[in-house]
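Working notes for the structure below.
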Amino acid sequence: MKSWLTTTDHKRIGLLYFWTAFVFFLLGGIEALVIRLQLAQPSGHVVSAETYNQLFTMHGTTMVFLALMPLSASFFNYIVPLQIGARDVAFPRLNAFSYWVFLLGGLFLNASWFVGPLFKAGMLNVAPDGGWFGYANLTERQFSPGPNIDFWLLGLQILGISSLAAGFNFIVTILNLRAPGLKLMRLPVFTWMTLVTQFLIITAFPVITVGLVFLMFDRFFGAHFYVHGAGATPLLWQHLFWLFGHPEVYILILPAMGIVSEVLPTFARKPLFGYTVVVYSGILIGFMGWGVWSHHMFAVGLGPIADSVFAATTMLIAVPTGVKIFNWIATLWGGDIRGTTALHFAVGFIAMFIIGGLSGVSHASPPADLQQTDTYYVVAHIHYVLFGGTIMGLFAGIYYWWPKMTGRLLSEPLGKWHFWLQFIGMNVAFFPMHFIGLLGMPRRIYTYSPDLGVSDLNLVSTVGAFLIAVSLLVFIANLWRTRSRGETASNDPWGGATLEWSIPSPPPVYNFSVIPTITSRLPRWRTELHAPMQDPPATPPGPIHVPGGSWWPMVAAFGLPLMALAPLTHTLWLAFVGAGVLIVGIYGWAFEPFEV
Amino acid sequence: MTHAAHAPTAHYTSMGLDSRKMAFWAFIGSECLLFGSLISTYLVYKGRSVVGPYPHDILNIPFTSVSTFDLLMSSLMMVLALAAVQRGDMKWGKIWLFSTALLGLVFLGGQVIEFTEFVHKGLTMSTNLFGCTFFVLTGTHGAHVAVGVLWLLTLWVRALQGRLGPANAMTVEITGLYWHFVDVVWIIIFTVVYLIQ
């Protein structure tokens, strides 16, 4: 137990990220199921309007910040150091700090489901209710007087710190801890996409932090950043949020694209088609992701010039994305394909992401977007890219790397059941939403009239949502079964080309008994120019220094939610206690003997 | 085990740059976006306050010029501190580290005086948009200076204890990176907020 609380081992932190994020993923999924129950028929009465607002807000916030990002982070943690031939990340304790801040931030946000009585709210749940993009000035104290939005803006600031700390850590890890000979253009694509994602994180999160800080000062200290009457414009929030929000979309999708770029070559027994182009497309997406944010704001009326520019940049960003899709298809073409579950999910990712990409381009056009804004069409789009895209990609990664992370292979037959149920379920759930939206049903309204003519489609969508739930039960059964009865994995159950497959599953605490020297982009495969590398010996030739654990990252992390409780409860001394804990944590951290 | 000034192990790094230093450059890049957003907001809201006091009623350029000069000089002290630590001259290393922190404290004192005076003249965060943007922008900068002062004083105490030597020059260098960055941000704020009204 203590060894897990104080761990600085990237593999253990990766597993902590996985299990924590998976629980939050199930929580966000349950929220979605309640939403779908409420909408299964017109004039539904499953939940009240207030609770419905909290459900869709927390569903979005949970899935983005507490499920998808940290599930990606679990692979950054576990796999990236293995793929670059490193013994750990550059700053192991900072890595532990990121995890604890993420956990505490997630608990802080979700505590809002139970603490209504403490705020005399008249209901149990005071969860955030302003939507995951929390538009000002709806979120001002005048219009949202309860503690709901406070939980949201404070929780997101805590989570931002976790992501930023991890961002600096992984940039340095990938750039600085590569094994000898592992040049940048020899990095596995997953590692490359991780690197691009971290740059997006460290540049995008400060922007939303500023937006949230303004909101905090408005709500707690009577500032007027988003108050129209004081001469301010609520549009400032929209710009700050989407300046973060659109790069965030790529923060969510690029890791999944990286995973797919690992899975496809392994199961097609072919090098990735156009490696260089795939890498450059990923970098280009990272840059262009910064130039498209106002396409979330076409309905605002920014004027024809701004609308045209953002329409053009948005259509342009489809180009590098399309390039990647063709490269993946070409990778499969003529390959010696093995239809594993991981490959199923990877191919499912490509198919679903194409649909999501196409509906995305359709609202790159302002006239079309004006019809689609705030309707279920947009909901359909984001679920095709984030569920059909990111989650499919993440599951490809789970089936692919599970044997490496736990030493046991997930069951393939159960995996196929999981895949097909999820694949059919998501299409049944989300495809009708295109029509529901075009027929005029707005998103984020807790009920609809039978006269709208979307009742049957909504029922179909709800059935699909429950199919997805069943598929996840199959997945959980698979995890459970694998725990004791799964087939034991060798070093390399799939015949992978990258470094993580050259060491035992799960790897020893020091990862590599001898740090390998890399001479090829596909070090473990025979190519025209290269023989496969020698796997490191089973036992290290000499003693290897492994950093011990530390309590201080966790101590420091506890300071942040304590500080966040101060404004929430109007208790000044808590701010000082929180700051004190943080400072004690940082000093303990800085001055304890700890050698990487 | 003594964790006194032992030489940090010279780790092999792929880019040949110390990992902590690289992380710090990434952090500074991130901070640019933070201050960029704050300064942009100040500019977007410039001239949109519907009630006074307005910037020209209240900003005291001579006073803040002195603060600015003080902060610029602290950067000079920082350079001297790093040079002294690098050549192993810990006597002057201590003096310059302390002077840097002291000038930082003087700057913070100036900010406290300025904020107090503004509040007395009727400008608070809830007065108008100028108040909101001014206090949050300069306050965020002030918080950065405060962190820097704390950091410099910590190094100074370590130096007094004899636990800071040329082997820790990289730590001092990174502190310097932070300090100079905070200084550069102030030059921009001073120009945007005070000089260009």
The answer for trypsin sites (Lys or Arg not before Pro) in the range A:511-556 that fall in a DSSP coil and have at most 15 neighbouring Cβ atoms within 10 Å is A:R526
Please give the FRET efficiency for A:W4 paired with A:H545, using the beta carbon to beta carbon distance and R0 = 30 Å, rounded to the nearest 0.05.
0.90
Would you mind checking which residues have amide H under 5 Å from A:R408's amide H? H placed 1.01 Å from N; only 5 or more apart, or other chain.
A:A489
Please list A:112-122, B:73-83 highest first by mean number of surrounding beta-carbon atoms within 10 Å per residue.
B:73-83, A:112-122
Whole-Hz Karplus ³J(HN,Hα) for the range A:86-97, in order, using 6.51 cos²θ - 1.76 cosθ + 1.60 and θ = phi - 60°, x for Gly and Pro?
10, 8, 6, 6, 5, 10, x, 6, 4, 5, 4, 4
Within 10 Å of each Cβ in A:88-99, how many Cβ atoms from other chains are there, averaged over the peptide?
1
Mind checking which aspartates and glutamates have their Cα closer than 18 Å to the Cα of A:K120? Skip sequence neighbours fewer than 8 apart in that chain.
A:E50, A:D129, A:D150
Compute the acute angle (0 to 90°) between the alpha-carbon long axis of helix A:455-485 and the principal axis of greatest extent of the alpha-carbon atoms of chain A; round to the nearest 10°.
30
Long-range amide H partners of A:G131, meaning residues 5 or more apart or on another chain whose placed amide H is closer than 5 Å, are A:T57
Please report B:D57, A:D535, A:D9 as a ranked list, fewest other C-beta atoms within 10 angstrom at the top and most at the bottom.
B:D57, A:D535, A:D9
Please list the non-local residues whose amide H lies under 5 Å from the amide H of A:T375, H modeled 1.01 Å from N, same-chain partners needing a gap of 5 or more.
A:R443
Whole-percent pair-distance distribution, where bins are 10 Å wide, for the alpha carbons of the range A:28-98
18, 32, 19, 17, 12, 3
Looking only at aspartates and glutamates whose Cα falls under 19 Å of B:K121's and that sit 8 or more positions away or on another chain, we get B:D57
Quote the relative contact order of the range A:339-479 in percent (integer), defining contacts as alpha-carbon pairs under 8 Å separated by 6+ residues.
31
Across the residues of B:47-53, average count of Cβ atoms on other protein chains within 10 Å?
2
Taking the convex hull of Cα positions in the range A:186-307, its mean projected area over all directions (nm²)
9.7
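With all pairs of different alpha carbon atoms counted, what Kirkwood hydrodynamic radius in Å does the range A:324-476 show?
It works out to 16.7 Å.
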Checked against the positive end of the charge dipole of the range A:339-479 (+1 on Cβ of Lys and Arg, -1 on Cβ of Asp and Glu, about the Cα centre), the farthest of A:F423, A:H383, A:Y400 is A:Y400
The range A:401-467 and the range A:168-198: distance between their alpha carbon centers, rounded to Å
35
Could you line up A:E487, A:E528 from fewest to most neighbouring Cβ atoms inside 10 Å?
A:E528, A:E487
In what sequence do A:R93, B:R163, A:R87, A:R483 fall when counting other Cβ within 10 Å, fewest first?
A:R483, B:R163, A:R87, A:R93
Coil-residue trypsin sites (Lys or Arg not before Pro) of the range A:162-245, DSSP, other Cβ within 10 Å capped at 12
A:K183
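Is there a simple number for the mean count of other chain Cβ atoms within 10 Å of the Cβ of residues in A:194-205, and what is it? Walk me through the numbers before you get to the answer.
Details: counts 0, 0, 0, 0, 1, 3, 0, 1, 6, 7, 2, 3.
Mean partner shielding for this stretch: 2.
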Computed Kirkwood radius, in angstrom, where 1/r is averaged over Cα pairs of the protein assembly as shown
27.9
With the range B:71-197 reduced to its Cα atoms and the Debye formula applied, log10 I(q)/I(0) at q = 0.14, 0.18 1/Å amounts to -0.63, -0.88
All lysines inside 28 Å of A:K183 as judged from Cα atoms, apart from same-chain residues fewer than 8 positions distant
A:K11, A:K270, A:K324, A:K404, B:K21
Enter the angle in degrees (range 0 to 90, nearest 10) between the Cα long axis of helix A:552-569 and the first principal axis of the Cα atoms of chain A, meaning the one along which they spread out most.
0
Hey, what do the phi angles of the range A:308-314 turn into as Karplus ³J(HN,Hα) couplings, whole Hz, using 6.51/-1.76/1.60 and θ = phi - 60°, x for Gly and Pro?
5, 4, 6, 5, 5, 5, 5
What number, rounded to the nearest 500 deg cm²/dmol, is the helix-based mean residue ellipticity at 222 nm of chain A, given -39500 (n - 2.57) per DSSP H run of at least four residues and division by all its residues?
-21500 deg cm²/dmol
Give me the percent relative contact order of chain A, please, defined on Cα pairs under 8 angstrom at least 6 residues apart.
17
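None of the figures in this text is laboratory data; all of them are computed from the coordinates on show. Keep in mind that this is a model prediction, so the values were computed, not measured. Note: ideal-geometry Cβ built from the backbone for every residue, glycine included; neighbour counts use all protein chains shown.
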